[in-house]
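One structure is given here, and the rest of the page talks about it.
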């Protein structure tokens, strides 16, 4: 393991703790939107897909990369939009006069 | 843009994601949290597009546009009842994208000096990304098929399954070792194929009612896969975001499993031990007491305290609004009415809250299981609409039942129980419900919306 690997490992370990800590008090009402929101966040693999496509040298690699971009974008954009739709209902309810 | 600037912008995006998860765990901040996450994602995407020396920029933009349109259309069009499938689908394509990215990176490693200088750690992480990404992809697709009822929702097992599963799992690890020793794109492709098989084998034995927990687990898998991909590409944002989702997803999976009183191992492998075979899905011909809408209306009318147990059947029939009208009518007559929400009512934890919120049911009437359970004893009538497994006493009384150990709503303690059901068909878990044959129980057969509107007019007529 090189010294830079140690930095990567540090980031990884700290992120594990942050990931658990920030959601540790979630109520069961929000399990579904939280899962859906977290799901949208890993759509950030889009950044990786863009990077590998942008450096691809063969047509085949470019095509595969573009497929990865489409898939990652669906994950990311769709995930955030559907989460917002769910949450809109939660907050919309408070504004209802009959609520 | 310099490398430092890029790094700083990625850092801002990572902070957005952390705050997004934080926001999503509390009702008041949830929506802003999600929007903040989206802002972070947009920032990161714009940032990567400005990277120096990026080829095929136009094609990349077109691909992003195509994905955006597809994602938005799917997310907007989906019925709230079908949302669990959509989340599974989004998760699957994310895992697939991660695996493809790792394969492409492997292709570059091979092209560059035949990978002679590639560090062991990078190759291990590449193999991990491919394997876990494809497991997540294939697993999510099977999950989708189960939830969409394209295939049976019951656990699928066959005698060779455990051996095949263990074989593929060890095979995946062995192939990763081979990849490190002998860098080749083909080994990567074989790992991907093994991962696809492993994903299918992982989800097949899981019963319908447990599928949502598997979605959450696969969500965590995709996160870890993205994190490993971040290491391979040397991108801190991917590492942080992927790890965040991996860690919080694993934690959330455990929370959900414990809400059902199950261990994760039991959910994944319970069927293999023959534990879930009780769910025969057969329809019994034992006698039940059924009634008409007027009988139900009279029972409700004479009650002082009514508790409603809504289930997936309510949502399928789109009867939330009619139910709310009925509850309004009863409340106007001075009857105290609450909704008892089981944590896994619907098809995902918290799903029922979303569905009832859509019908503008006031938040105060939605009671969580632990709060409402002691009150069933005082309830004159429990009205079970399109629910089954969540009030099935077999969870308490029948060891070996697929749902044994799952906390249930104590509907059996009420003075009268009314079931609105389409048929005598068992619930999602595929087991018979003793409560249907209880002398205190009245059944009203029919589509939930249809039945509810008949009951509503009968109540109004009284």
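Just so it is clear, none of the values below were taken in a lab; they were calculated from the coordinates. Quantities reported herein were computed from a predicted structural model and do not represent experimental measurements. Because the Cβ atoms are built from the backbone with ideal geometry, glycine has one as well, and the counts that use them run over all protein chains shown.
How much length, in nm to one decimal, is gained on full extension between residue B:462 and residue B:158, taken as 0.36 nm per residue of separation minus their Cα-Cα distance?
Once the chain is fully extended between residue B:462 and residue B:158, it gains 103.8 nm.
Output the 0 to 90 degree angle, nearest 10, between the alpha-carbon long axis of helix A:3-23 and the longest principal axis computed from the alpha carbons of chain A.
10 degrees
Applying a 10 Å radius around every beta-carbon, put B:179-188, B:400-409, B:213-222, B:377-386 in order of their mean neighbour count, most first.
Packing proxy ranking, top to bottom: B:213-222, B:377-386, B:400-409, B:179-188.
Based on the mean of other beta carbon atoms within 10 Å per residue, what is the order of A:49-58, B:234-243, B:96-105, most packed first?
In descending order of packing, they fall as B:96-105, B:234-243, A:49-58.
Along the Cα→Cβ direction, 7 angstrom out, place labels at residue B:174 and residue B:112. What is the inter-label distance in nm?
3.1 nm
For chain B, take the longest principal axis of its alpha carbons; what is the angle in degrees between that and the long axis of helix B:120-147, to the nearest 10 within 0 to 90?
Its long axis makes an angle of about 30 degrees.
Just want the ordering: B:421, A:25, B:415, from fewest to most Cβ atoms lying within 10 Å of their own Cβ.
A:25, B:415, B:421
Just checking the output field for B:356-364: average partner chain Cβ neighbours within 10 Å of each residue's Cβ?
5
Per residue of B:70-78, what is the mean number of Cβ atoms on other protein chains within 10 angstrom of that residue's Cβ?
Per-residue shielding by partner chains comes out at 6.
Between residue B:57 and residue B:189, what's the calculated FRET efficiency when r is the beta-carbon distance and R0 is 35 Å? Round to 0.05.
0.80
What does the helix-only formula give at 222 nm for the protein assembly as shown: each DSSP H stretch with n ≥ 4 adding -39500 (n - 2.57), the total divided by the residues, and the result rounded to the nearest 500 deg cm²/dmol?
After summing the helix terms and dividing by the residues of the protein assembly as shown, the value is -20000 deg cm²/dmol.
So how far apart, in nm, are the two label points at residue B:364 and residue B:333 if each is 7 Å from Cα heading toward Cβ?
2.2 nm
Using a 10 Å cut-off on Cβ atoms, rank the peptides B:349-361, B:42-54, B:192-204 from the highest mean neighbour count down.
The peptides rank, most packed first, as B:349-361, B:192-204, B:42-54.
How far is helix B:320-332 tilted off the main Cα axis of chain B, in degrees rounded to 10, range 0 to 90?
In chain B, helix B:320-332 runs at an angle near 40 degrees to the longest axis.
Which ordering of A:83, B:398 is given by a fewest-first count of other beta-carbon atoms within 10 Å?
B:398, A:83
Given R₀ = 22 Å, FRET efficiency for residue B:42-residue B:4 by Cβ-Cβ distance, to 0.05?
E between residue B:42 and residue B:4, to the nearest 0.05, is 0.55.
What average count of beta carbons from other chains do you get within 10 Å of the Cβ of residues in B:168-177?
0
Would you work out if segment A:1-57 is rounded, prolate or oblate? Take a ≥ b ≥ c from the square roots of the eigenvalues of the alpha-carbon gyration tensor; rounded if a/c is under 1.5, else prolate when a/b is larger than b/c, oblate otherwise.
oblate
Let a ≥ b ≥ c be the square roots of the eigenvalues of the Cα gyration tensor of segment A:1-96; is it rounded (a/c under 1.5), or, if not, prolate (a/b larger than b/c) or oblate?
Oblate.
How high is the FRET efficiency between residue B:325 and residue B:422 when r is their beta carbon distance and R₀ equals 25 Å, given to the nearest 0.05?
E between residue B:325 and residue B:422, to the nearest 0.05, is 0.75.
Give the distance, in whole Å, between the Cα centre of segment B:336-400 and the Cα centre of segment B:94-130.
One Cα centre to the other: 48 Å.
Quickly work out the residue B:72-to-residue B:415 label distance, labels modelled 7 Å from Cα along the C-beta direction, and quote it in nm with one decimal.
Computed distance between label sites residue B:415 and residue B:72 equals 5.6 nm.
Could you tell me whether segment B:7-84 comes out rounded, prolate or oblate from its Cα gyration tensor? Rule is a ≥ b ≥ c as square roots of the eigenvalues, rounded for a/c under 1.5, then prolate if a/b exceeds b/c, otherwise oblate.
Oblate shape, in that a/c is at least 1.5 and b/c is the bigger or equal ratio.
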